[in-house]
Every structure is written in structure tokens, then in C-alpha cells.
Amino acid sequence: MTVQAVLDEIRGIPGTGDVIPIIDPATEEQITEFTDAGPEAINAAVARAKAAANSKVWSAMPDYDRAKVLWKVADLIDQNAELLADLESVNTGIPPIQAQTIVKVGSEWFRYYAGWCTKIDGIARDVNTGGLTGVESHMHAYTLREPYDVVALIFPWNGPVFNFCAKLAPALAAGCSTVVKPAEETPLSALVLTRILAEAGVPDGVVNLVNGYGHTAGALLTAHPDVDKVAFTGSTEVGREIVHSAASSNLNKVTLELGGKSPVLIFDDADLDTATAMAGFGCFLHSGQVCMLGSRIFVQRGVYDRVVDGLATLANNLQLGGPKDEGAMIGPLISDKQLKRVMGYLEQGRTEGVELVTGGHRIDRQGYFVHPTIATKVDPTSSRLFHEEIFGPIVTVLPFDDEDEGIALANDTDYGLAGTIWTTNLGRAHRLAKEVKAGTVGLNCQLQFDHSMPFGGYKQSGWGYEAGKAGIETYLQSKTVWAQM
Ligand code: NAD
């Protein structure tokens, strides 16, 4: 299959809603379009998932067979890696080498969760409840871990191949039936991945792909009475809407992977060259469109100027470009809407009187490219640049004097997705790891995550976890069975 075939296929999928254009963000050209699924298609997708769940065709499949299917999915992703990476690049503008890495991460996610199929278990205990009543009462109690029947999986446009795999692999390993809605900007790779799942042996009805806007297709799904669980990755604002929707419909269970405004603390005893380089990549990667990026950097005062200079040099040397531009390290913003949002924050920064050490402007070429921007002289008590998730290539850099002030600034945020500490003082590193209010902390490393370790947000960055054992637990309910002995 070719990229062109996928562009043609999506155009032909029927729907009853608006026609939604898909724009190549590196060229601003429309590459295809598709039709918002509409309520009938959403209801039909949920009904198919419910029928599959009721038939137990997937959940009752022997666990080692389910594992083999998921392992085969991983192999087929690898076999289709070039196509998937090309789709990722054409749809998001990300450089090819980064797209290829995303695809590899996706297939490994399936291999990891293939292993979990055979390891789902509960606990068993003999219990004598007689101590409470005075009457001997011998019980055997055990727990069953059961999949949710119908799970809606909704995710954003940054890294669509990864987001698809990170949600589908654990949901399928648990035995759930699913309805999948990718972001309206990036629906292409999900077509190929859904076909791969079928080819690998995932039975009909277990994975149902729907496309459309969030406020139409997404909202219909999250309020649907037959959806038992919603696993969502996206903005905190929409996460809140999804919680409201669950509360006013069937109280479906909700897992949320939301926004971030992650701090990076650089102490004066750090390996400053490494810390500066990593902090720079760690805020500008993918044009700042990665949830766990360190978009607030704090530098101990004695080395502040040196680090700011180093960050500025790095920002000015980062080669921006589309997937076809050789040597490009940073792609465009995803859309005109995102571009306007980022430009709005730059305007806001000027109003606030912040100093833009570098960047602050759009690049003069086709595509939604904004120069990596470093903002200093930011007032943390009032600055929107400091507090709001921008999801663009803008980082604030502030000085601090000691550990207490650094941690106070780091935690001065509604978000809690990640944090980083650069220091050669190991005692300080581990001590402060406990102080950072975030779900992931890097000590002398940044942007680390892996399928084997839980990932989730403190505060308004989310509910629940992805990856690791916690990632499959998300898709399992626990039932306690009592047997009179
Ligand atoms: P978004 O919240 O606008 O959209 C995410 C998805 O939700 C899309 O598929 C969208 O169509 C859908 N959606 C929108 N409104 C909806 C509604 N009312 N009901 C149901 N679904 C709806 O987010 P975005 O702009 O696509 O992505 C960027 C955001 O995602 C950032 O905030 C980023 O931090 C976050 N993100 C978080 C993680 C994480 O793991 N914590 C990972 C990636 C991205």
C-alpha cells in the first residue's frame, strides 16, 4: 500500500457530517479530505464493539493465542514501518528519522503487552469472617480481573502512530472491545493500523475505527450509554469535558493523559553542556508539541547567563524543515489553528513585557513554522506564558537561588506531567525527585519513557496511567468472588 492509496481511501469512507480537509503542515497544501462519521456511524461502531464483547470472541480467546495475535501485530507494524513512518511525516510534518522511531516504539508497545496477556491474575484468600460475628464462617475469596466490554479510545495529533499503539496494545491485551477515534488532523495511519490488526487475527468487531471532530464524533462516543470506559489523551480542557460527559451519562470510567508545563531545574554543579543541550532539545522537539517537554527551565543564578546563551545558540542552530528538507530536525506546528495559538502567546508575551532572547516570529516560508523562542524576564506570579500550556516552541527561562526556591518555582503550576533535575549532587537529585509534584521525574536525563514503566500525570495532567503493569490495569475491572466453604 502507498501513501497515495491511503489518501484516496479515506476520501471514500462514507459519513454524514462535515467534510474535513487534511492539510500537510509543512506545505499548507490540502492532501486529502474525509467526512465526519456522524451519529449513525458512531452508534453502529459502538454496537459492533458491544456485540463483539458479548460474544466473548476476543476476551475468552485463550490468553496465549491473544498474545500471539498481538505479537503478530507488532511484526506487521515492522513490515509496514516505511509506510507508517511516511504517513506520520506527511500528516504531522515530523522529520522522517523521528517518524521511524515513533513506529518502532509502537511495535514494541504491542510486543510488551503481548506478554501481559498471559500474566493477568488476581488474588485468592481463605477468610474466616467469624471474628466479627462470633459465628465461625469459613470463606474462600478470590478476585477475577475482567476487561471492560466497550472502551472508547480517543487521542491527539502529536504522534498518531504512537498514540494508537499505546492505547490499543493494552486495551486488546486486557480483552476489551474498542471504538477508536484519532484526531481529526491525523487520521491516516489509523487506517493502516486497523487493517494490520485484522490481518494479525483480531476478530471482527473488536476494533472499530471512526473519524470526525472532537465536538461531534468524540462527544457522541464519550456520552454513549454503551461505552463502559473512555481512555483519552489530549488537552486538560477537553479532559474536563469528558469527565462532565461521563458524569451526565452513564458514569463510564475515565482515564486521562492530559497537558503539561513541565519544569527543568539546572543546578550550578550540573554538567552544564549536557544539561543545556538536553534542555534545549527537551523543549523544542517536534516544535514543542510533546506533552512532557520541559517548557519551563529554571537555572541556578550563578550559571544562568551561560545556560541562556547556550540555549539561544542551540535554538538558532536547530534546522527547521519539512519531511522532504534534508537535515531538518524540527518540523512545523500541526495546523493553522495551532500556529495562531502560538503567535497569540508570543503577542501575549510582548504585552507582559517578557524579553524574547531568540525567536518570537514565524519563519518566512510555506508551512506552519515558528522559530524556537526563549523568553526571559517572565513574572511567574502573573505570566500566562509561564502558566499555560502553549504546545509550541516557546520556553520560559528563569533564575533561582537555592533548592527551596527552585522547587517552589518548579511546582508553581496546575500541571504535573514531568520534571527534570540536572545536578551532579546525587543526594540532592534523589531528595528533590521526591519534591517535584509530577508523574515522571528525570535525574540527569530528559524525555525518558518506556512501555515498561508507568506514565501518568499528577494534578491537572491526568487520571490513571499508561504503560507498564499499570497500563493494562487501566482496562481491567476487579470482581471479588466469595465462596462459602
Ligand atoms: P484535544 O484535547 O483538542 O484533542 C484530543 C482528541 O480529543 C482529538 O481526537 C479530538 O478530536 C478529541 N476531542 C476534542 N473535543 C472533544 C470532546 N468534546 N469530546 C470528546 N473528544 C474530543 O488535544 P490536541 O490539541 O489534539 O492535542 C494536544 C494536547 O494533548 C495537549 O494538551 C497535550 O499536552 C496533550 N497530550 C497529552 C499526552 C499525555 O500523555 N499526557 C500525550 C500527548 C498529548
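With respect to Ala467, determine if the residue is within 20 Å of Thr276 (Cα to Cα) and either at pLDDT below 95 or buried (at least 16 other Cβ atoms within 10 Å of the Cβ) (or both).
In short, no.
Out of Thr186, Thr255, I need the residue that is part of a loop (DSSP other than H, G, I, E, B), of a type outside the set (Asp, Glu) and in contact with a Ser or Thr (Cβ under 7 Å, 6 or more places away or on another chain). Which one?
On the way: Thr255 fails: part of a loop (DSSP other than H, G, I, E, B).
After applying the criteria, what remains is Thr186.
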Got at least one residue in region 132-152 being surrounded by fewer than 23 Cβ atoms within 10 Å (Cβ to Cβ) and assigned to a helix (DSSP H, G or I)?
yes
Keeping to region 262-304, report how many residues are of a type outside the set (A, V, I, L, M) and in a helix (DSSP H, G or I).
14
Keeping to region 191-215, report how many residues are within 11 Å of the ligand (Cβ to nearest atom) and hydroxyl-bearing (Ser, Thr, Tyr).
1
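From Leu409, Leu426, Leu447, grab the single residue that is open to solvent by 30 Å² or more (accessible area, probe 1.4 Å), of a type in the set (A, V, I, L, M) and touching a residue at least 40 places away in the same chain (Cβ under 8 Å). Steps first, please.
Details: Leu409 fails: open to solvent by 30 Å² or more (accessible area, probe 1.4 Å); Leu426 fails: touching a residue at least 40 places away in the same chain (Cβ under 8 Å).
Of Leu409, Leu426, Leu447, the one residue that is open to solvent by 30 Å² or more (accessible area, probe 1.4 Å), of a type in the set (A, V, I, L, M) and touching a residue at least 40 places away in the same chain (Cβ under 8 Å) is Leu447.
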Answer yes or no: is there a residue in region 160-179 that is in a loop (DSSP other than H, G, I, E, B) and more than 22 Å from Leu333 (Cβ to Cβ).
yes
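Being away from the ligand (no atom under 16 Å from the Cβ) and either at pLDDT below 95 or crowded, with 24+ Cβ neighbours inside 10 Å (or both) is the filter here; which residues of region 386-396 pass it? Spell out how you get there, then give the answer.
First, pick out the residues of region 386-396 that are away from the ligand (no atom under 16 Å from the Cβ): 386, 396.
Matches in region 386-396: Thr396 only.
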Only one of (1) out of contact with any Ser or Thr (no Cβ under 7 Å at 6 or more places or on another chain); (2) over 27 Å from Gln4 (Cβ atoms); (3) open to solvent by 20 Å² or more (accessible area, probe 1.4 Å) is not met by Tyr112, so which one is it?
(1)
Single residue of Gly175, Gly159 found to be within 15 Å of the ligand (Cβ to nearest atom) and on the phi > 0 side of the Ramachandran plot
Gly159
For region 108-158 the number of residues that are under 30 Å from Leu256 (Cβ atoms) and of a type outside the set (Ser, Thr, Tyr) is 27
Close pairs from region 278-299: first at pLDDT 95 or above and within 12 Å of the ligand (Cβ to nearest atom), partner part of a helix (DSSP H, G or I) and of a type in the set (Asp, Glu), Cβ under 7 Å, at least 6 apart:
none
Matching residues, region 184-205, being within 24 Å of Pro39 (Cβ to Cβ) and either surrounded by fewer than 24 Cβ atoms within 10 Å (Cβ to Cβ) or among the hydroxyl-bearing types (Ser, Thr, Tyr) (or both)
Glu184, Glu185, Thr186, Leu191, Thr194, Asp204, Gly205
Pro399 vs. criteria assigned to a loop (DSSP other than H, G, I, E, B), of a type outside the set (A, V, I, L, M) and either touching a helix residue (DSSP H, G or I) at 6+ places or on another chain (Cβ under 8 Å) or assigned by TED's automatic domain parsing to the domain that holds Ile94 (or both):
no
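Table: residues versus (1) within 14 Å of the ligand (Cβ to nearest atom); (2) hydrophobic (A, V, I, L, M, F, W, C); (3) open to solvent by less than 10 Å² (accessible area, probe 1.4 Å).
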residue: Ala217; (1), (2), (3): yes, yes, yes
residue: Val227; (1), (2), (3): yes, yes, yes
residue: Ser235; (1), (2), (3): yes, no, no
residue: Arg240; (1), (2), (3): yes, no, no
residue: Ala247; (1), (2), (3): yes, yes, no
residue: Lys253; (1), (2), (3): no, no, no
residue: Gly259; (1), (2), (3): yes, no, yes
residue: Ala270; (1), (2), (3): no, yes, no
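The values are calculated or read from the model by the stated rules, or taken from the named source; none is laboratory data. Keep in mind it's a predicted model, so treat the numbers as computed, not measured. As a convention, Cβ positions derive from the backbone with ideal geometry for all residues, glycine included, and neighbour counts pool all protein chains shown. Ligands, DNA and RNA are stripped out before the accessible areas are found, and what is left, the full protein with its side chains, is counted by its heavy atoms. Shrake-Rupley method; radii C 1.70, N 1.55, O 1.52, S 1.80 Å.
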